[in-house]
Structures are given as structure tokens and as C-alpha cells.
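Encoded as C-alpha cells, the structure appears first; notes follow it.
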Amino acid sequence: MVTCSAPGKIYLFGEHAVVYGESAVACAVELRTRVTVVPAESTSITSGGQPLAIGEEPYIQNTLKIMEEFLALPPVSIRIDSEIPIAAGIGSSAALTVALLRALSIEFGVEMDLSLIAATAHRIERLVQGAASPTDTFVSTMGGVVVVPERRHLPPPGCKIVIGDAGIGTGAGAAMREKTGEMVLRVADLREAYPDAVDPVISAIGGLARSGVLLLEEGDCRGVGKLMNINHGLLEALGVGTTRLLRLVHAARDAGAFGAKITGAGGGGCMVALADNAREVAQGIERAGGKAMVVEIAQEGVRKE
Ligand code: MEV
């Protein structure tokens, strides 16, 4: 029996634009998905103690299929316990895939270093979602604050991170895949219809990520926050905002956050704020109808528990 855990992530900059090769900065956070695998008579899955049908869990299904490339995989019982809100833009699918790959590779003695885990998890996300950047799976595997495409670690922002969940993530399994895939497709459609308007927005987001890297290296949390606010406006321009998310973003800023923006695919799910006064910002988010979480950076990515 092996248990591995992998962290969720937030984007300080660059979601959606990163799908088109632009820079992004993402940060692993101490909300973990733990996966336990035990050889069994037949393959089964439970999440939070509830049984799940394998046919409705495309990330798990594809992980098991890809592991067959490395060995004849015997039946396994898979137990999932997750602190990461599902389909809310915090990287629940990446954390599940990465933790499951690691647990299976250790349990069955398959040699997979962290780079191979990250690359294989990215392959699985692409299979399930249609399009996916390597960001979520890389950050969940390696931990810390990372700029892509360079995959270089950056110093953590010297202030607190507050996540606000607008509470309209859409369940597990297929719904999780559809939400991210649907939002990525929505941006692709907009870009195809109005390339002259959308391409500059995408490259402006990449520019914000690159400027954000310099501010993170200088330890300028206030500056990073200002750029996050601009990034939020550009995500709205790409059509991935919602009324509820916007309310939480403004509530966080009104409560004194340095900056606040959507994190992840959007269309519901979560926003993220940087602040020194995390308690007040969390209270502001809750008053605006969100569920607030003050999170630490996960310096460690996937690990054996
Ligand atoms: C989803 O967490 C982030 C997106 O940029 C998609 C991706 O990078 O694969 C929307």
C-alpha cells in the first residue's frame, strides 16, 4: 500500500494565454489530494469515502491506461482524499493525476523520476481536456512558484495568498474535464472570430507574467498585486469572468488586497488575492458570498506520505 499526495495551484499570471505559448506564473498551494493505492482483486475507486464509477473518472481511467505502457498493471483499489475544491480552478485534476501516477509507480516498482511524472500527467490532461498547458501538472509535481515555459522556480511572494471560491465548480469527473475544456474552447472560438482583438490581449497577459517575474524577484508584492488586477481585466476581456467571481475580486480589493484576479479556467470556480491583511480580505470575500481560504505555498510538490 502506498499513499502519495500532490498540491493544488493558483495562477498569479497567465492562465489561458499560456495555452498559446505565453508566459505564466503559477504557485503550488498547501491544499493536497492524497491518493492511496492497494493491489486488490478488482479495480475500484473511492473519493471521500464514496464509491466512484471508473467510467466517469477520465483522469483515473487514462492514468491506468498509460501505466499499462510501463507494466501489466494488476487491479488496484484507489482511495482519494482531497482538500482541493473540485473543478474550481485550483488544479484538482492535475493533483489527482500526479499523486496517482506517483503512488502507482512506487507501489509497482516502475522507475519514474519527477520530470517523467510531470510529462506523463500533462499527456493525460491533454487526452482528457483536449488542450492543456504543462503548467498545472508541472507545478503540482515540483511545488513552489514557477514561471513557464522556462519551468524556473521563483521566490515566493512575501505576502499572504487568499483564495475565494465562488462555489459554482461543477462536480467531479466528466464535469471537471468539461469545465476547463469548455473555457479553453471558448477563448479559442473568440480568438478565431476576432484575432485582431484577442491576440493582443493574449500577448499582453504574457507581458504581465514577464513583468510579474521581475517584481517577484524584487519582492514587490504590492506591484505584483497591481499587475494581477490588470490580468483580471484581460481575463474578463477573454470572456471567462462571471458576476460572482467579479464580486469576490472587488470585495478582496475593497478589503485591502494588493491585487485580486480569477485563477484557473474561470467560468465559475475561484479567484485569488495577495494581501498582508489576509483575515480582512478573507472576511470581505465571505461577506460577498464566497468561501475564503488563506493558503500557504507548497514548496514540496508530489510526495510519498
Ligand atoms: C487551467 O488551470 C489553466 C488554463 O490555462 C488551461 C491550461 O493551462 O491548460 C485555462
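Assorted remarks:
- Residue within the stretch 58-67 that is aliphatic (A, V, I, L, M), within 16 Å of the ligand (Cβ to nearest atom) and either free of Cβ contacts under 8 Å to residues at least 24 places away in the same chain or not in a loop (DSSP other than H, G, I, E, B) (or both) present: no
- Residues in the stretch 256-281 that are away from the ligand (no atom under 16 Å from the Cβ) and surrounded by fewer than 24 Cβ atoms within 10 Å (Cβ to Cβ) were compared, and the one that is farthest from E83 (Cα to Cα) is G256.
- The stretch 102-134 - residue that is among the β-branched types (V, I, T) and over 21 Å from E300 (Cβ atoms) and, of those, surrounded by the most Cβ atoms within 10 Å (Cβ to Cβ): I124
- Test for G144: is it within 14 Å of the chain's Cα centre (by Cα), surrounded by fewer than 23 Cβ atoms within 10 Å (Cβ to Cβ) and on the phi > 0 side of the Ramachandran plot: yes
- Pair list, Cβ < 8 Å and 6+ apart or interchain, from the stretch 170-195 residues that are under 13 Å from G266 (Cβ atoms) and more than 12 Å from the ligand (Cβ to nearest atom) to residues that are at pLDDT 95 or above and in a helix (DSSP H, G or I): L190/V198
- Some residue of the stretch 215-232 being in contact with a helix residue (DSSP H, G or I) (Cβ under 7 Å, 6 or more places away or on another chain), touching a residue at least 40 places away in the same chain (Cβ under 8 Å) and within 16 Å of the ligand (Cβ to nearest atom): yes
- Residue list for the stretch 214-228, restricted to those being within 22 Å of G8 (Cα to Cα) and surrounded by fewer than 21 Cβ atoms within 10 Å (Cβ to Cβ): C221
- The residue of the stretch 1-13 that is farthest from the ligand (Cβ to nearest atom), among those that are buried (at least 24 other Cβ atoms within 10 Å of the Cβ) and over 18 Å from S93 (Cβ atoms), is L12.
- Where helices (runs of 4 or more DSSP H) fall entirely within the stretch 79-163, those with at least 1 residues that are away from the ligand (no atom under 16 Å from the Cβ) are at 92-107, 114-129.
- Every condition in (1) among the polar types (S, T, N, Q); (2) modelled with pLDDT under 95; (3) surrounded by 14 or more Cβ atoms within 10 Å (Cβ to Cβ) holds for Q50 except the one numbered (3).
- Of the residues making up the stretch 14-31, those that are assigned to a strand (DSSP E or B) and within 11 Å of the ligand (Cβ to nearest atom) are A24, A26.
- Condition met for V29 (surrounded by 24 or more Cβ atoms within 10 Å (Cβ to Cβ) and touching a helix residue (DSSP H, G or I) at 6+ places or on another chain (Cβ under 6 Å)): no
- Within the stretch 183-208, the set of residues being among the small types (G, A, S) and in contact with an Asp or Glu (Cβ under 7 Å, 6 or more places away or on another chain) comprises S203, G206.
- Scanning the stretch 260-290 for residues that are under 15 Å from C27 (Cα atoms) and of a type in the set (K, R) yields a count of 1.
- Which numbered condition P155 fails, given (1) within 21 Å of G268 (Cβ to Cβ); (2) touching a residue at least 60 places away in the same chain (Cβ under 8 Å): (1)
The values are calculated or read from the model by the stated rules, or taken from the named source; none is laboratory data. From a predicted model like this one, the values you see are computed outputs, not experimental measurements. Cβ coordinates were reconstructed from backbone atoms using ideal geometry, including for glycine residues, and neighbour counts include every protein chain displayed.
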